[in-house]
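The values are calculated or read from the model by the stated rules, or taken from the named source; none is laboratory data. Keep in mind the model is a prediction, meaning the values are calculated, not measured. Here the Cβ positions follow ideal geometry from the backbone for every residue, glycine too, while neighbour counts run over all protein chains shown. Heavy atoms of the whole protein, side chains included, go into the accessibility calculation; ligands, DNA and RNA do not. Shrake-Rupley method; radii C 1.70, N 1.55, O 1.52, S 1.80 Å.
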Amino acid sequence: MYKIVSIPGDGIGPEVVAGAVAVLKQLSTKHGFEIVIEEHPFGGASYDLHGEMLTEKTLEACKQCDAVLLGAVGGPKWEKLPHEHKPEAALLNIRKELELFANLRPAKVYDALLEASSLKAEVIRGTDFLVFRELTGGIYFGQPRGYDDNRGWNTMVYDRYEVERIARLAFEAAQKRDKKVISIDKANVLEVSQFWRNVVHEVHKDYPDVELSDMYVDNAAMQIVRNPKQFDVIVTSNLFGDILSDIAGMITGSLGMLPSASIGKHHALYEPIHGSAPDIAGQGKANPIATIASVAMMFEYSFCMPDIATEIYQAIEATLASGLRTADIANPGELSVSTTEMTEAIVRHLGA
Ligand code: NAD
């Protein structure tokens, strides 16, 4: 039995999470395993109900389950709240509370969508790499931080254990892939980056079968766009990973296609990388694939069932190959389908 907490959140969150839940139910019926899904409020939806973006009850439920499925949070309605009450703060908070120190984002190009990328098909065909972004340390959390009328300041700091644990995850993932890790830093300018590099190389001694190289972050931004096929596994700090994983994501087409996993020692949270898309919320236009692919990652990393993950990816590929497109991935002038129609087609391709 798998216990999943679903937190649909705001905007298109509930629409895309409904798609992912339909896929989970189909898989449960097809394979005969029991899945219990418990829904909890988070973000603006929670603020409106309880005056808090993240309640103790939601947090406790997330701590007690096998995996969390999150839609998206935020929107214009809550933008004016003070920084510490904003949905972004709640997102940082839930990651910190669940100790989700690694964010995994695959950048995989689907053949059926080669034309949806802003890059040439021959540059991106066959691209398949995985970004490990450190998620609970670095400049987003470092102290001191603040600003006054004349200065603003943040602190980029990493402890040895923080670098070691994410480096280990990246090397272990590489062992199951093409055995190549590229660690991305800015060691020519930042001492914290030199420290990062030293620790990654020390950890590498335990993984002699994996090839390790280093790349400066500015060069990496260029290389991802110039020749994405050179990458297998990338490991990098919080700030650099935030930026690079968005670049990596965009080469594969739409935001609506990109899943993610955030993993810690005891908990894991799966979510699409996109936000709550208030511009299309409630219109049935959202692409559910990123959230459905996040369920595939859940089977791979939380439930250790890579075959089911493959089944989900194959159902997505077959649906795309059949020509179905939501508006974000349709060519101009092409007919598009709704969130529900895309979901139903993927569920059909999963089979009974
Ligand atoms: P966004 O990702 O919500 O939207 C950017 C653009 O991509 C929009 O045009 C949107 O319509 C489109 N888009 C996004 N997901 C899509 C999907 N599944 N299908 C089709 N089109 C899709 O980013 P934004 O507009 O910068 O942010 C909107 C809100 O979301 C803000 O309040 C922001 O703080 C929040 N946000 C939340 C998260 C999260 O919950 N993890 C992440 C990013 C932004």
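For the reader, a short list of remarks on this structure follows.
- Residue within segment 74-93 that is more than 19 Å from Pro8 (Cβ to Cβ), in a helix (DSSP H, G or I) and acidic (Asp, Glu) present: yes
- Residues that are at positive phi and at pLDDT below 95, drawn from segment 100-151: Gly126
- Complete set of residues in segment 318-349 that are under 25 Å from Leu130 (Cβ atoms) and surrounded by fewer than 16 Cβ atoms within 10 Å (Cβ to Cβ): Ala321
- Qualifying residue in segment 249-269 (condition: closer than 20 Å to Leu98 by Cβ and β-branched (Val, Ile, Thr)): yes
- Cβ-Cβ contacts under 6 Å between residues 6 or more apart (or on different chains), taken from a first residue in segment 61-80 that is in the same structural domain as Glu99 (by TED's automatic domain parsing) and open to solvent by 20 Å² or more (accessible area, probe 1.4 Å) to a second residue that is near the ligand (Cβ under 7 Å from one of its atoms) and assigned to a strand (DSSP E or B), are listed as Val73/Gly9.
Conditions (1) more than 14 Å from the ligand (Cβ to nearest atom); (2) in contact with a Gly (Cβ under 8 Å, 6 or more places away or on another chain); (3) assigned by TED's automatic domain parsing to the domain that holds Ser294; (4) of a type in the set (Asp, Glu), marked per residue:
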position: Met1; (1), (2), (3), (4): yes, no, yes, no
position: Ile4; (1), (2), (3), (4): yes, no, yes, no
position: Ile7; (1), (2), (3), (4): no, yes, yes, no
position: Asp10; (1), (2), (3), (4): no, yes, yes, yes
position: Pro14; (1), (2), (3), (4): no, yes, yes, no
position: Ala20; (1), (2), (3), (4): no, no, yes, no
position: His31; (1), (2), (3), (4): yes, no, yes, no
position: Gly43; (1), (2), (3), (4): no, yes, yes, no
position: Glu52; (1), (2), (3), (4): yes, no, yes, yes
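- Residues in segment 193-243 that are open to solvent by less than 50 Å² (accessible area, probe 1.4 Å) and among the aromatic types (Phe, Trp, Tyr): Trp196, Tyr207, Phe231, Phe240.
- Unmet criterion (only one of (1) outside any helix (DSSP H, G or I); (2) touching a Gly at 6+ places or on another chain (Cβ under 6 Å)) for Glu38: (2)
- If you go through segment 148-171 and keep only what is out of contact with any Gly (no Cβ under 7 Å at 6 or more places or on another chain), in contact (Cβ under 8 Å) with a residue 24 or more places away in the chain and open to solvent by 20 Å² or more (accessible area, probe 1.4 Å), you end up with Arg160, Glu164, Arg165, Arg168, Leu169.
- Scan of segment 271-299 for residues that are within 16 Å of Leu258 (Cα to Cα), more than 11 Å from the ligand (Cβ to nearest atom) and surrounded by fewer than 22 Cβ atoms within 10 Å (Cβ to Cβ), ordered by number: none
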